[in-house]
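What follows is calculated from the coordinates using simple rules that are stated; it is not laboratory data. Values in this document were obtained by computation on a predicted structure and should not be read as measured data. Because the Cβ atoms are built from the backbone with ideal geometry, glycine has one as well, and the counts that use them run over all protein chains shown.
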Amino acid sequence: MRYSRMLLPTLKESPSDADVISQKLMIRAGMIRKVAAGVYNLLPMGLRAVRKVEAIVREEMNRAGAQEVSMPMVIPAELWQESGRWDEYGKELLRIKDRHDREFCLGPTHEEVITDLVRREVRSYKDLPLNLYQIQSKFRDEIRPRFGLMRGREFVMKDAYSFHATAESLDAEYENMYNAYTRIFERCGLDFRAVEAETGSIGGRFSHEFTVLAESGEDAVATCTGCSYAANVERAEIREPALSAPSAGSAIERVSTPGKKTIEEVSAFLKAGTDKLIKTLIYETDKGLIAALVRGDSQINEFKLRNASGSSFVKLAEEDAVRKTTGAPVGFAGPVKLNIPIYADFNVRGMFDAITGANENDAHLLHVNASRDFRATYADIRNAAQGDKCPRCAGVFEIKRGIEVGHVFKLGTKYSEAMGANFLDEAGKEQVVIMGCYGIGIGRTAAASIEQNHDEAGIIWPKPLAPFDCEVLPVNVKDDETRKTSEALYEVLKKEMEVLLDDRDERAGVKFKDADLIGIPVRVTIGERNLKQGLVEIKERKTGEVKLVKVEEAALEVKKLLQS
RNA sequence: CGGGGCGUAGCGCAGUCUGGUAGCGCAUCUGCUUUGGGAGCAGAGGGCCGGAGGUUCGAAUCCUCUCGCCCCGACCA
């Protein structure tokens, strides 16, 4: 490809509304342009990178035995009504009507469509297992799209769905996909972790998120310093800490704390660390109101609370309910003399001389002693934090930020049951198909790669994702020798790889800056000075390493570098 | 959805408080010089100042309404 002919509008300054590095660099490197909030044009350079990710995903999915299909983006409402999600999904589902006033939605995911397909076409256990995937645009009307391709409303996703006669078969496919994902992200050259994650409302089964480690990530991941355990902070199990000997302590004392409702306010007002406070939250559940206690510096985890309390749902109680139960407005609840079931995190058990709400307006209690002043059921009900103990070994957690690029999931029979996707087993008996689903954010993977691979000057593409393998850069195209040599090298390289020839009549500095910005792995610079000795310069973008080689050897050197 | 901010040339911004008919840098185009890390000089083109309504002799500027975009929060006790 000739640079002079390519739509590659690079920018010196990044647009003011970009706020993560990948987004800034993608805009500056002429890869993407915004069309609307969370909706982007992919320019040639951007599309090339995305295609590289797609190609790797496609190859590995095919290798793993999945078959590619393509499903529509516009989906009739009936399918979503059948699964029940038409009402459940909320505003993220963009609903539209056709000219006949029939309702449709733009697909944010495709369980309904694929289940519909499979229930029509699969009759027998002999047709199973089956794994179908597509690489296609999705639309989710996010509350707040941001970070460019990392969290757009329209985005390209690879979504795969597997269908099984038995749970064992699903287990095997889950592992197969897990391995395929590992290969995919390894091939993309990413530093990632497969972490245990929450499954949401689907039920007790675990799932794995594939998370690329990056500061700008929206997910928090707990990784163990001692073993390979890694989990989303919401999911991570925390080993119960050893109890320190409780002190006898002083008697409870009531203090006035006018208007101090939040942990921070109380902590500042009473000049005590947030870890000296007990946070009391009132939850509404199917079993009635309960109180949940965590240390002031911890975050409650509603999934864990739901499990610990054996409820089918938990929801923060309304202001009115809080007032009735505690006798005080929101902000002054405490466990002492509270007569609803109390669930407390393990880290509350050993607390003494603690501060809690007094169940009375504008008042808190000092010197509260957990073992003495209230009864609670102790459980793990908070998010993991730095320094928590690993459930598997003697190590502790480190909290890192990451970008979720893939997710593998056991769906079970949620959709097949709701939509009647059945098959006949060997005994001729009708059974419900068991399902798994497996997603990868394609654009997000490309963006994550930039988050992980860049420097001051621009993008540093890992070779497998680079839009071009090599850039040939004639320093001055007006010099005949330079031009001839560059063109010749371009023709040779082109036969074996994707090459960008910067044939623009621009100053050297401009070309160098652009080359660094777009981040092609290998650059061959051809200039009069070296050419007089029959030499050209080969530079690796990643290491900055430069070597001078003979013109005749340049092509071979480039190939060697790309293979290393 | 709540709070905050911003819409002025392709991009980044000033001008708005204190109304007087639009400016800077980059980019673009032309010419000359220059040519290994975002060149210099000279010239040129490009704006319904997001949109609608109002106030005024006069509105980018003041008022009302609207649309779009961005940020923070939405786990508060």
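For this structure, a couple of remarks:
- Surface/4 estimate of mean projected area, convex hull on alpha-carbon atoms of the stretch A:260-370, nm²: 6.0
- Cα-Cα pairs of the stretch A:395-437 separated by more than 17 Å (percent): 57
- J(HN,Hα) series, the stretch A:231-239, from Karplus relation 6.51 cos²θ - 1.76 cosθ + 1.60, nearest Hz, glycine and proline x: 8, 4, 4, 6, 9, 3, 6, 10, 6
- Put simply, the amide H of A:ALA363, placed in the peptide plane, has neighbours under 5 Å in A:THR257, A:ALA358, leaving out anything fewer than 5 places away on its chain.
- Enclosed volume per residue, in Å³, of the convex hull spanned by Cα atoms of the stretch A:20-59: 76
- Comparing Cα centroids, the stretch A:169-188 and the stretch A:82-156 end up 23 angstrom apart.
- Cα pair count fraction exceeding 14 Å, expressed as % - the stretch A:297-337: 59
- Gyration tensor analysis over the Cα atoms of chain A returns equivalent ellipsoid semi-axes of 52, 33, 22 Å (largest first, whole Å).
- For chain A, the relative contact order works out to 16 percent when only alpha carbon pairs closer than 8 Å and six or more residues apart are counted.
- Rounded D (µm²/s) - the stretch A:1-131, Kirkwood Rh over Cα pairs, Stokes-Einstein at 4 °C, 1.567 mPa s: 70
- By the beta carbon rule, with partners counted only under 4.7 Å, chain A holds these lone Cys residues: A:CYS105, A:CYS188, A:CYS437, A:CYS470.
- Check: chain A dipole with +1 on Lys, Arg Cβ and -1 on Asp, Glu Cβ, in debye: 720
- Think of it as helices only: each DSSP H run of n ≥ 4 in chain A is worth -39500 (n - 2.57), and spread over all residues that comes to -8000 deg cm²/dmol at 222 nm.
- Each 5 Å bin, from zero up to the one with the longest distance, holds this percent of the alpha carbon pairs of the stretch A:88-144: 4, 13, 20, 19, 17, 13, 9, 5, 1, 0.
- FRET efficiency, 1/(1 + (r/R0)^6) with R0 30 Å, evaluated for A:GLN299 and A:SER256 via beta carbons: 0.60
- Relative contact order (%) - the stretch A:1-80, alpha-carbon pairs under 8 angstrom, separation at least six: 20
- Model label sites at A:LYS495 and A:LYS542, defined 7 Å from Cα along the beta-carbon direction, differ in position by 2.7 nm.
- Taking amide H positions as modeled 1.01 Å from N, with prolines and chain starts lacking one, the residues under 5 Å from A:SER207 and 5 or more places away or on another chain are A:ALA197.
- With R₀ fixed at 22 Å, the C-beta to C-beta distance from A:GLU318 to A:GLU264 puts the FRET efficiency at about 0.45.
- Max-minus-min Cα coordinates of the stretch A:418-521 on each principal axis give 80, 33, 18 Å, with the largest extent listed first.
- Projected label distance in nm at A:ASN339 and A:GLU68, using a 7 Å step from Cα toward the beta-carbon: 6.7
- Length released on extending from A:LEU117 to A:GLU360, taking residue separation times 0.36 nm less the Cα-Cα span: 81.6 nm
- Checking every one of the GluC sites (Glu not before Pro) in the stretch A:1-84 against DSSP loop status and a limit of 10 other Cβ atoms within 10 Å picks out A:GLU13.
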